[in-house]
1. One residue is enough: does the stretch A:69-91 have a residue meeting the conditions farther than 24 Å from A:Met157 by Cα and touching a strand residue (DSSP E or B) at 6+ places or on another chain (Cβ under 9 Å)?
2. Among the residues of the stretch C:301-323, write down those that are open to solvent by less than 60 Å² (accessible area, probe 1.4 Å), under 17 Å from C:Ile243 (Cα atoms) and assigned to a loop (DSSP other than H, G, I, E, B).
3. For the stretch A:218-234, name all the residues that are open to solvent by less than 40 Å² (accessible area, probe 1.4 Å) and touching a Gly at 6+ places or on another chain (Cβ under 8 Å).
4. Kindly check whether there is at least one residue in the stretch C:282-295 that is facing chain B (nearest Cβ under 9 Å), touching a helix residue (DSSP H, G or I) at 6+ places or on another chain (Cβ under 7 Å), part of a loop (DSSP other than H, G, I, E, B) and buried (at least 16 other Cβ atoms within 10 Å of the Cβ).
5. Hey, A:Val107 hits all of (1) under 23 Å from A:Ala219 (Cα atoms); (2) touching a helix residue (DSSP H, G or I) at 6+ places or on another chain (Cβ under 7 Å) but one; which does it fall short on?
6. Consider only pairs whose beta carbons are under 7 Å apart and that are at least six residues apart or on different chains; among these, list those whose first residue lies in the stretch B:43-63 and is within 14 Å of chain C (Cβ to nearest Cβ) and within 19 Å of B:Leu178 (Cα to Cα) and whose second residue is open to solvent by 10 Å² or more (accessible area, probe 1.4 Å) and modelled with pLDDT under 90.
7. Within the stretch B:1-107, considering only strands (runs of 3 or more DSSP E) that don't extend past its boundaries, which have at least 2 residues that are over 29 Å from B:Glu254 (Cα atoms) and open to solvent by 10 Å² or more (accessible area, probe 1.4 Å)?
8. Please pick out the residue among C:Lys321, C:Lys331 that is in contact (Cβ under 8 Å) with a residue 12 or more places away in the chain and over 26 Å from the mean Cα position of the chain (by Cα).
Amino acid sequence: MVRHAGIASGVIAVIVVVALLAPWVAPYDPIAQPDIIGLKNLAPSFSHPFGTDSFSRDVLSRCIYGARISLSVAALATAIAITLGTLYGAIAGYVGGAVDAVLMRIVDAALSIPRVLLLIAILALWNGLPLWLLIVVLGATGWFGLSRMVRAQVLSMRELDFVAAARALGASGPRILFRHILPNVLPTIIVAATLGVGHVIILEAGLSYLGLGVQPPSASWGSIIQDGADQIGAAWWISLFPGLLIVTTAIACNALGDALRAAFDPRENAVTMAELDS
Amino acid sequence: MTDPLLSVSDLRTYFHDGEVVARAVDGVSFDVAEGETVAVVGESGSGKSVTALSILRLIRPPGRIETASSIRFQGRELLQLSDGEMRTIRGNRIAMIFQEPMSALNPVLTVGEQIAEVVRVHTDASRHDAWERAVEMLALTGISAPRERASEYPHQLSGGMRQRVMIAMALVLKPALLIADEPTTALDVTIQAQILELLQRLQEQLGMAVLLITHDLGVVAEVADRVVVMYGGEVVERATMTELFEAPQHPYTEGLMSAMPRLDRDAERLVTIPGVVPPSTAWPSGCRFRDRCSYAWDRCATEHPPLYPVGDEHESRCHLAVEPLRRSESHTPLTVRVGADS
Amino acid sequence: MTSARTNPALLQVTRLRKDFPVRQGLQHSLFGRNAAAIRAVNDVSFDIARGETLGVVGESGCGKTTMGRAILRLIEPTSGSVVFDGIDVATLHGAALRSMRRKMQVVFQDPFSSLNPRMTVGAAVREGMLIHHLAEGRAADHRVKTLFEEVGLNPDYASRYPHEFSGGQRQRIGVARALSVEPEMIVCDEPVSALDVSVQAQVINLMQDLQRDRGLTYLFIAHDLSVVRHIADRVAVMYLGRIVETASADDLYSNPTMPYTQALLSAVPRPEPGRQTARIVLQGEPPSPANPPPGCVFYSRCQHPLKDDDCTRVVPPLEEKTPAHFAACIKQPSQLP
């Protein structure tokens, strides 16, 4: 488990660093079309490891710059989702009663609509969506499940003695929620965030492939795949390499999330001596 | 004299974590004769529960029973048996009951099915016969309407009732030895009285021996014939029950008895044993109790005390046995920690 | 304890009741409102004098923990009044309730769940001081240090997390946290029952020392009758949500009057060989508090030789049988076997 986590975080770290250093790492300008006839659809070679596309652009460089878009869309959308889900779930769980019932019925309703359909509907209605709005839409539709998990944890944590002790000391509601309960829900949130990033990368790729996501001339991994989609037989490398990157990143995020979940779950930890003889 | 039913000798169960070794059970020896009740008394960290699990070979890695250990049961060396042979003994000739009956019962099977399953695993009884024996056993444990109860699930029963079910499950094959690990600790005192009475009655009816693991000296006085006191993974005192209560020899036993608040008299202030049980990864040199002992002197730091004979069937792991005058001397604790367990 | 009785009451609990709604089965949770209620605490009245320790004993499910929490307003009482130092706590709200909480503190049973695992123990002890503006900055640090010393802990440990401490040490931290706001009364909910005997004695002695030094009042809830005898001035015995007997500790333990108290005391295993002859082994288990029997709640298990149909008709009131000794039984006290 620990080794998986190590490999996964290593992979993620490499991709993030390369994306950050894109202007220095990328061998070519990702949107330059040096020779639209002579250099078009070149197969992978030493000078173009991922080949070139039909506009003679270097696919490797496009993938490196595309990582910036894909990763930042995923990270920001997940941050929005985590914030909304945590607050919503925490309020429902801590306040309880009728407020909880109403808030959770809303989540139930939202969860009953498939997210992809919802996104396609929103994005199809909105022609040429700016990037920041895409991020907001992805974030705003991604917090329902998390809010349920957070609520369940807050609900059970609310009954613990240290929370009762804080109330007995005279601590106010927000203080109990933010100082005592939420720090203990943090492991769940971190795991959800890690898994969420992988999920949003795939989702954004799917939308961009459908032409609903990132709009040209910006390119994410998903839109690069789409660039090569109509000549997959002739120039397979245009779609293959960004596809591999998506799969690798998503698997790494999921592996890291699973490893974190195991690390935070006390039941997965070894039995201590004290437990053996108590 | 015939061989004892169970003979544990020099049992060492260590837990290995890289370089660190936790010596949870460290050279424990005692016997249990047929039909008798032996109590193993100790606090958390004394190694009493690990001892019980070791007898049934239920120690899982990183725990390991070290090679020089010996556990003889009905003339067979349990540590030499194959896993398959061990399974024919476990639940059959030696049974065990635990402190928390809810976690020891399967929530999705009826209690009757669970008892019948034990019968079917170890005998070739038919499904119907096994069920009948389960009902019979439930009746024997004093459960009213046993036939109806057998079809209920664990969550439908109260804590005391579940403990009866667990006892029925343990005793359905009439084992020669029952290991009871804190069987009444989770129960209320009036239910505890019922369960202790039940265990004693069944012991007489079935003629089995009982190895009772407990921290409660009151329970010991009720049911035990002989007592083994454990501290720091070792036996520190061994005696018949009456002898132990009338003339405890080891300072730890003495301390335990005086630290207990009593129902029948009210002391102004409880006597305490200062400090805490040291971790099993770092037992003190010499006597393992010396840091907390008010008699300790230099010999205790350097020389690990053996189990000295101090009377008829009575042994104590304390140098006071050979230097009794030190007991009468006015003494100050070796380390002064007023009431603190830090 | 006679001197304690002449002091004015610090806490007066009158006809306290706490019902918990129960949902029975799927059809109720789908279609129904709450079908029944568990009467966890039923018409409980008592008072505690300043500086006194009232022990509350009873078996699991008798309502003793619920009662303690209702008094602290950690759960809302269904009805009844809780007057602390002249103020009815049961009617306070918001800021008034929060500032009242300073005077009544609590120490819990479970040394593991009673401390926030993600907060240093120093911060836990400091929190109350900050909430009530008792001390800040260096002054608060100093008070944390003093409190650690007072409960027998090394003050250097303040920056550590709860998992680094043993059960006994955690209970000391819990005591220090309660003391941080300088309360007048502490509700101790089974504070030593999770501890080993030798550590238990250390914590009991500590609590007695603190009571003497600070003039604290304790409501000491426990199932261990020996511990309660040792620490309490007066004892109340609870069964199925009601107080069934109350008297001074000496009187209650030497002359138990209510048949339940008699059985309870006789059931305690004692570290004296050969004493078990006089035991009363109660049959059965307590009835469900969701469906309490009419009349005397103990009737189904009672061993009193004179018990009869009258017991199932009348709820026995808590009557003064001998001076300052109250019991809820309509029959003449029977002698212990």
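1. Within the stretch A:69-91, none of the residues are farther than 24 Å from A:Met157 by Cα and touching a strand residue (DSSP E or B) at 6+ places or on another chain (Cβ under 9 Å).
2. The answer is C:Cys302, C:Pro316.
3. Of everything in the stretch A:218-234, those that are open to solvent by less than 40 Å² (accessible area, probe 1.4 Å) and touching a Gly at 6+ places or on another chain (Cβ under 8 Å) turn out to be A:Ala219, A:Ser220, A:Trp221, A:Gly222, A:Ser223, A:Ile224, A:Ile225.
4. Yes, the conditions are met somewhere in the stretch C:282-295.
5. (1)
6. Within 7 Å, the pairs are B:Ser49/A:Leu276.
7. Per the criteria, B:6-17, B:20-32, B:63-65, B:70-73.
8. Going through C:Lys321, C:Lys331 in turn, the sole match is C:Lys331.
The values are calculated or read from the model by the stated rules, or taken from the named source; none is laboratory data. Being a predicted model, the structure only gives us computed values, none of them experimental. Quick reminder, even Gly has a Cβ in these numbers, built from the backbone with ideal geometry, and neighbours come from all protein chains shown. The protein model used for the area step is the full one, side chains on, heavy atoms only, and it has no ligands, DNA or RNA in it. Shrake-Rupley method; radii C 1.70, N 1.55, O 1.52, S 1.80 Å.
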